[in-house]
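The values are calculated or read from the model by the stated rules, or taken from the named source; none is laboratory data. On a predicted model such as this, the values are computed, not experimentally measured, just so you know. Cβ atoms come from the backbone with ideal geometry, glycine included; neighbour counts cover every protein chain shown.
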Amino acid sequence: MRREAPPSRDYLKDKSVKNKTAKRAGLAIVALLILFGLFIGKWALSNPGGNLLDGLPDSDTAYGVAKQFILPTVRGSNPVFNDDNYQFAKKSDSVYVIKSSYSTKFDDGENQETRFTISLKYNGGMSSKTSNWTLINLDQDN
């Protein structure tokens, strides 16, 4: 025959202990909810001026970023990009290939046209910022 433990003789003491435990658990839940709210707020405000659900960049945005990567490599001054005739392809997940050309004018008055092919990987974030892209390959020929 099994004997049960005798009922607690101090009901008020047991109730007080349970009440303290419930209050601590409630405070912990409230603290976690506040931290979660702060995290969500920071995430929502991390992309000012843009929609968080924009998706992948379009061809014009990728071409604009490509020009920013090419500008430091240009020989000559004031390159003029052939914006009307660029070719655009999306290879795989967030990898873009752009083919186009630009013209430069040298100090001696000579004009030179350079064709280029650039491969860029989009890493996420604001698509217009070059820091959110990685240059994979750049080929330029005259």
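Data for the structure
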| quantity | calculated |
| --- | --- |
| Residue among Asn82, Asn137, Asn123 that alone is touching a strand residue (DSSP E or B) at 6+ places or on another chain (Cβ under 8 Å) and under 26 Å from Ser46 (Cβ atoms) | Asn123 |
| Residue list for region 1-53, restricted to those being of a type in the set (A, V, I, L, M), farther than 30 Å from Gly125 by Cα and at pLDDT 65 or above | Leu12, Val17, Ala22, Ala25, Leu27, Ala28, Ile29, Val30 |
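This table checks each residue for (1) assigned to a strand (DSSP E or B); (2) among the polar types (S, T, N, Q); (3) within 16 Å of Gly64 (Cα to Cα); (4) touching a helix residue (DSSP H, G or I) at 6+ places or on another chain (Cβ under 6 Å).
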{"position": "Val97", "(1), (2), (3), (4)": "yes, no, yes, no"}
{"position": "Tyr102", "(1), (2), (3), (4)": "yes, no, yes, no"}
{"position": "Gly109", "(1), (2), (3), (4)": "no, no, no, no"}
{"position": "Gly125", "(1), (2), (3), (4)": "no, no, yes, yes"}
{"position": "Asp139", "(1), (2), (3), (4)": "yes, no, no, no"}
